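Undergrad: Input: one structure, supplied below.
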Amino acid sequence: MHIKQTIALVTIALLVKLFAILSTNFDLFGDEAQYWIWSQNMDFGYYSKPPLLAWVIGGFSSLFGSSFEALKIIPAGTYVLSSFVVGLISQELYNNKKLALLSGATFYLMPAVSVSSFLISTDVILILFWSLSLLFLLRTRKNPKTINFFILGIFLGLSFLAKYAAIYFLLSMVVLVFLDKATKKIFFKKFFYFVFFLGTSFVVLLPNIVWNIKNNWVTLSHTSDNASLNKINFNLLQGVEFILTQGMMVGPLLFVFFLISMNKIKYNFATKFLLSFSLPVLFVVLGESILVRANANWAAVALISLSIFFTNHVYNLSKKILVTNSIINFCICVVLFFFISSTSSLKFFNRINGISSFATTLVEKHMGDINFLVVEDRLLFSNLKYILNESQKKIYTSYEPGKKITSSFHLSDPLPPTFNKSFIFLGNIGEINYLIKKNQIKKIEQIKVIFKRSEIEVYEVTF
């Protein structure tokens, strides 16, 4: 009975998500709008991310349009596929169909997946292809044929094209090789196939490597800056917070029950495999959280294996706990998407609230016959470019040539120093001092908005 209950919860959870997407008045977050902008100009790489998410958005938009509702279906739908793959991984490891169904369902109901189901992010795509890579690594170990090595290489290459965090997969493979003799034997005995697998991944990633070479490795440079390893500030509390957050993201009851029953862990190949593809990632990101900082999603791929591992462990000890965990996680999902569907005024949602109304007011009240808008802030630029896509307004961002590039729009949409047409400017007026032509600047308004902590300064710049 617990299986039918859990599958019913998954079905209802999916419907709740879709209803919330159709009902809410929230806007895209700035990063989401940025990914959409990238998708309108297909390339083999972008300033801060590899290209796969932009390709997915571009392909999906060409079929279903670029509306808020259409774009938000991408993460909600992708997690259905990822959950199915998680079930297949469980089946490969434990050969138990009931457990496989529960593993897929438990993964889908995780709070981490519920939150991420409303976010268009590189993690969504990475998790799908990381899961597929895990599945075919197992199938390659079981049946080391050329085709399995080839498919594994394809999926790992696509994981890298989704997000460079796929490097953790190779780290985890090394750990598994040391822990599991059968895996070690296959990869050393079939060394040519192993090289073939790596070569396949390299070929898939090659266009992005070439793009980075042509663009001075700008993506890797940004990734390095984002890690902030030059700003070490040892803080154990941040490490504790990271661990607790990961536990909450898997499911509070599942996490707590696992901790109090760790002495009953069964040490077999499945355990070695799943821990090899979770603990190394968690330890690396935990270290960064203690030394510098770490966002909760930086260890997202670790939760795939961890979810399967926890589900199997609890399944063998208490199926009631597993069902109760699913009910609790389902309730978390329903509450979250209730707030989304009702366009909640909670501060948690501030950054995606009121942007469309701001854009409408800006155009109607201040732009009139002015067809040019210059926006300093990257996230606001992204939102306004997406919202005003079908208007005749041309949007630039302020960027003085020669300064450090900190946004993809400094490359694609910089306001030229020679620009001499009247425009509306949003931001710190000092950021356009580099303009060569003399101009008159008039501060129109200082607007307090929900989606930004500071007020937005609006200027009219005329020539």
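Since every read-out is calculated from the coordinates, none of them should be taken as a lab result. This is a predicted model, so every value here is computed, not measured. Neighbour counts are summed over all protein chains in view; Cβ atoms, including those assigned to glycine, are modelled from backbone coordinates with ideal geometry.
Undergrad: Hey, which of these cross-link pairs are over 25 Å Cα-Cα: Lys214/Lys438; Lys97/Lys320; Lys163/Lys393?
TA: Too far apart for the 25 Å limit: Lys214/Lys438; Lys163/Lys393.
Undergrad: Could I ask something else about it? Per DSSP H run of at least 4 residues, take -39500 (n - 2.57); add these up for the chain, divide by its residues and hand me the 222 nm value, nearest 500 deg cm²/dmol.
TA: Taken over the chain, the calculation gives -20000 deg cm²/dmol.
Undergrad: Testing the spin-label approximation: label points 7 Å from Cα along Cα→Cβ at Glu457 and Glu69. State their distance in nm.
TA: Roughly 4.1 nm, to one decimal.
Undergrad: Magnitude of the Cβ-charge dipole of the range 2-346, K/R +1 and D/E -1, about the Cα centre, nearest 20 debye?
TA: Here the range 2-346 has a charge dipole of around 1580 debye.
Undergrad: Next question, about the same structure. Counting residues in the range 354-462 as N, plug N into 2.2 N^0.38 Å and put the Cα Rg over that result.
TA: 1.00
Undergrad: Helix 97-109 sits at what angle to the longest principal axis of the chain, using alpha carbons and giving 0 to 90 degrees rounded to 10?
TA: Here the helix axis deviates by roughly 20 degrees.
Undergrad: Could I ask something else about it? Rounded to the nearest 20 debye, what is the charge dipole size of the range 354-462 about its Cα centre when +1 sits on each Lys and Arg Cβ and -1 on each Asp and Glu Cβ?
TA: 180
Undergrad: Using a 7 Å offset from the Cα along the Cα-to-Cβ direction at both Ser357 and Tyr267, what is the distance between the two label points in nm, to one decimal?
TA: 6.0
Undergrad: Next question. Would you kindly state the longest site-free stretch of the chain, with sites defined as GluC sites (Glu not before Pro) in a DSSP loop (not H, G, I, E, B) surrounded by at most 11 other Cβ atoms within 10 Å?
TA: Maximal segment without exposed cleavage sites: 1-389.
Undergrad: Something else now. Expressed as a rounded percentage, what relative contact order does the range 354-462 have, with Cα pairs under 8 Å and six or more residues apart?
TA: Across the range 354-462, relative contact order equals 26 percent.
Undergrad: Where in the range 151-168 is the amide nitrogen less than 17 Å from a point lying 7 Å along the Cα-to-Cβ axis of Val203?
TA: 151-161
Undergrad: How much net charge surrounds Leu52 when only the other residues with a Cβ under 14 Å from the Cβ of Leu52 are counted, with Lys and Arg +1 and Asp and Glu -1?
TA: Surrounding charge for Leu52 is 0.
Undergrad: Could you work out how far apart the two model spin labels at Lys365 and Leu22 are, taking each label as a point 7 Å from the Cα in the direction of the beta carbon, and quote it in nm?
TA: Result for the modelled spin labels: 3.4 nm.
Undergrad: Check cross-link reach from Lys443 to the aspartates and glutamates: straight Cα distance under 19 Å, and skip same-chain residues fewer than eight apart.
TA: Output for Lys443: Glu364, Asp369, Glu376, Asp377, Glu431, Glu455, Glu457, Glu460.
Undergrad: Please report the antiparallel percentage of the DSSP beta bridges confined to the chain, to the nearest 5.
TA: Antiparallel bridges: around 60 percent, rounded to the nearest 5.
Undergrad: What is the calculated FRET efficiency for Phe234 to Lys403, with r their C-beta to C-beta distance and R₀ = 22 Å, to the nearest 0.05?
TA: FRET efficiency, Phe234 to Lys403: 0.10.
Undergrad: If you don't mind, another one. Separation of the range 57-88 and the range 329-382 by C-alpha centroid, Å?
TA: Here the answer is 22 Å between Cα centres.
Undergrad: Just subtract the alpha-carbon distance of Ile3 and Leu81 from 0.36 nm times their residue separation and send over the number in nm, one decimal.
TA: 26.2 nm
Undergrad: Next question, about the same structure. Estimate the FRET efficiency between Phe283 and Lys438 by the formula 1/(1 + (r/R0)^6), using the beta-carbon distance for r and 41 Å for R0, to the nearest 0.05.
TA: 0.10
Undergrad: Viscosity 1.306 mPa s, temperature 10 °C: what is the translational diffusion coefficient of the chain from Stokes-Einstein with a Kirkwood Rh over Cα pairs, rounded to a whole number of µm²/s?
TA: D = 66 µm²/s.
Undergrad: Working out 0.36 nm times the residue gap between Asp43 and Arg293, then minus their Cα-Cα distance, what length gain in nm do you get to one decimal?
TA: The span from Asp43 to Arg293 would gain 86.9 nm if fully extended.
Undergrad: If the cut-off is a Cα-Cα distance under 17 Å, which lysines reach Lys145, setting aside same-chain residues fewer than 8 apart in sequence?
TA: Excluding near neighbours in sequence, the set is Lys184, Lys185, Lys189, Lys190.
Undergrad: Okay, moving on. Among bridges DSSP assigns within the range 354-462, what percent are antiparallel (round to 5)?
TA: The answer is about 60 percent antiparallel.
Undergrad: So between Lys448 and Asn95, what do we pick up on full extension, going 0.36 nm a residue minus the alpha carbon distance?
TA: That works out to 121.3 nm of additional length.
Undergrad: I would also like to ask the following. Output the relative contact order of the chain, whole-number percent, from Cα pairs under 8 angstrom with separation of 6+ residues.
TA: Over the chain, the number comes to 19 percent.
Undergrad: Expressed as a rounded percentage, what relative contact order does the range 278-420 have, with Cα pairs under 8 Å and six or more residues apart?
TA: 13
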